[in-house]
1. Using a 1.4 angstrom probe with every protein chain in place, what is the largest-first accessible-area order of ILE44, ILE90?
2. Could you please state how large a percent of the accessible area of the range 19-137 is carbon and sulfur, counting protein chains only and using a 1.4 Å probe?
3. Under a 1.4 angstrom probe, counting protein chains only, how are MET66, MET122 ranked by accessible area, largest first?
4. If a/c stays under 1.5 just call it rounded; otherwise compare a/b with b/c (prolate if a/b is bigger, oblate if not). Do that for the range 64-140, with a ≥ b ≥ c from the square roots of the Cα gyration tensor eigenvalues.
5. With the radius of gyration and the Kirkwood radius both derived from the Cα set of the chain, what is their ratio Rg to Rh?
6. Given charges of +1 on the Cβ of Lys and Arg and -1 on the Cβ of Asp and Glu, with all other atoms neutral, how large is the dipole of the range 16-78 about its Cα centre, in debye to the nearest 20?
7. Taking 0.36 nm per intervening residue step and subtracting the Cα-Cα distance, what contour gain separates LEU108 from ASP59 on full extension?
8. Across the range 127-141, in residue order, what do the Karplus-derived ³J(HN,Hα) couplings come to in whole Hz, using 6.51 cos²θ - 1.76 cosθ + 1.60 with θ = phi - 60° and x for Gly and Pro?
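The values are calculated or read from the model by the stated rules, or taken from the named source; none is laboratory data. Fair warning: this is a prediction, and the values are worked out from it, not measured in the lab. Cβ sites come from the backbone with ideal geometry, for glycine too, and all protein chains shown count toward neighbours. Note: areas computed on protein heavy atoms with side chains; ligands, DNA, RNA excluded. Shrake-Rupley method; radii C 1.70, N 1.55, O 1.52, S 1.80 Å.
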Amino acid sequence: MATDITRQHSSETTDGRNWRRATGIVISVLVGAFLAFDVIGKLIRPQSVVDGTEKLGFDSDQAIVMGVVLLICLVVYAIPRTAVLGALGITAYLGGAVTANMRIEEPLVSTVLFAAYLGVLMWIGLVLRRPELLKVAGLRR
């Protein structure tokens, strides 16, 4: 009987971990797809991207540099073994986006903080995939 209880508890724990991991993967893929779309726009440079880059106060040619930097961070993020390093790079990139939007006094909640929302969502997905990150951050023993 104890074996049945242990087996049932083990199954419930595994199911919970699998559900969290699957949710984390879905969130990570969605964030990655959004960022990949941003990379493509910065590398292809349609007029809307050129205009947006200039509105933020950057030379339009700098969109290519931004796209390459984000692409490198995104590739590193997509590799499971280096995902945390990629997430750190993307977090820095998104911090720059927040700062650039603040500088031109865009609306706070809808525009300036959008990059912060995306970053938080990215980290939630990563923590759901790799719960041991909570220990590293000191949020769990």
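1. Values: ILE44 125, ILE90 0 Å².
The most accessible residue leads, giving ILE44, ILE90.
2. Numbers: 5110 of 7030 Å².
Carbon-and-sulfur percentage of accessible area, whole number: 73.
3. Details: MET66 45, MET122 0 Å².
Result of the area sort, largest leading: MET66, MET122.
4. Oblate, since a/c reaches 1.5 and b/c is not below a/b.
5. On the way: Rg = 19.1 Å, Rh = 16.9 Å.
Rg/Rh: 1.13.
6. Working: 6 positive and 5 negative charges, 114 e Å.
Dipole magnitude for the range 16-78 comes out near 540 debye.
7. Values: separation 49, 0.36 × 49 = 17.64 nm, distance 2.37 nm.
My answer for the length gained is 15.3 nm.
8. Once rounded to whole Hz, the list reads 5, 5, 6, 9, x, 5, 5, 5, 5, 4, 7, x, 9, 8, 8.
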